[in-house]
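Working notes, structure below.
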Amino acid sequence: PRVQDFLYRLYQATPRVWVTKSLIGLNLFVFAAMVLVGINPLEPTPTELLAIGGNFKPYTELQPWRLLSSTVLHAGLLHVAFNMFALYQMGTIAERFYGNTQFLLIYLTSGLFGALASLFFSASTAVSVGASGAVFGVAGAILAAVFTARSKLPPQLVSSMSQSMLLFVGYSLFMGFTSSVVDNSAHIGGLVAGFLMAAIMTERFNWAAFRQQAFLRACLALAAAAIAAFAMWTMAF
């Protein structure tokens, strides 16, 4: 298919990327609330982040909700700005690839698995926060479409998107491995979860196939995620 025709069909299938915009709004709202209650917008302390829902293994064991609350908290203005910019750039693509509901499920599941993976590494000794696990899950979802459904995509789009996504993932992980303040475990956990969720789900490249398979395959993806999450939680504690 020609690129323009393909993109037009995607736009028709998902005309409004309201999930991406809502998630950005939620993260910015939480950050603004942090600042309003007196938390330093440039360098919030680990103690402050822990008090408002950060992911730290000794606390998360008793308060599992921290696995998700930590994904809307950020360790400063640059942190939230980078994550929201990346979410906007990739979320608008992934949301049209998978549709509003499936995209939301991919995002939330990726954030959850990013936080779960962090329990084995960063969050076992420090407070972990940020939407980057979920954002990496969005990147994983795009990569899943590029590599598992490439025959349904225009070749030019496959080439450009695979290069840009691999560059983003590779550069971000490299920076994470060279920095002591970046939680690469959350990045990798989110990336793998997003890729696998999207690989099981049905992309919206073929509308007839999507209508026939989407619900069942989304349920299958959620069931697999629930089993894997329970297993990771059990191993963590």
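In table form, for the structure just shown:
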| read-out | value |
| --- | --- |
| Contour excess over end-to-end distance, with Cα ends at Ile227 and Ala209 and 0.36 nm allotted per residue | 3.8 nm |
| Modelled FRET efficiency - R0 25 Å, Met235 with Thr125, Cβ distances, 0.05 increments | 0.90 |
| Highest to lowest packing among 118-131, 167-180, 78-91, scored as the average C-beta count within 10 Å | 118-131, 78-91, 167-180 |
| Portion, in percent, of the accessible area of the chain that falls on carbon or sulfur, probe 1.4 Å | 70 |
| Cβ-based net charge around Glu95, under 11 Å, with every Lys or Arg adding one and every Asp or Glu removing one | +4 |
| Ordering of 44-55, 104-115 by burial proxy (mean other Cβ atoms within 10 Å per residue, highest first) | 104-115, 44-55 |
| Helix axis angle, 132-148 relative to the chain longest principal axis, alpha carbon, degrees | 20 |
| Mean accessible surface per residue for the chain, computed with a 1.4 Å probe while every protein chain stays in place, in Å² | 50 |
| Kirkwood-type radius of region 116-237, with distances r between different C-alpha atoms, in Å | 15.7 |
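The values are calculated or read from the model by the stated rules, or taken from the named source; none is laboratory data. Keep in mind the model is a prediction, meaning the values are calculated, not measured. Counting neighbours? That spans all protein chains shown, and the Cβs are built from the backbone with ideal geometry, glycine included. Please note that ligands, DNA and RNA were not included when accessible areas were found on the heavy atoms of the full protein model with its side chains. Shrake-Rupley method; radii C 1.70, N 1.55, O 1.52, S 1.80 Å.
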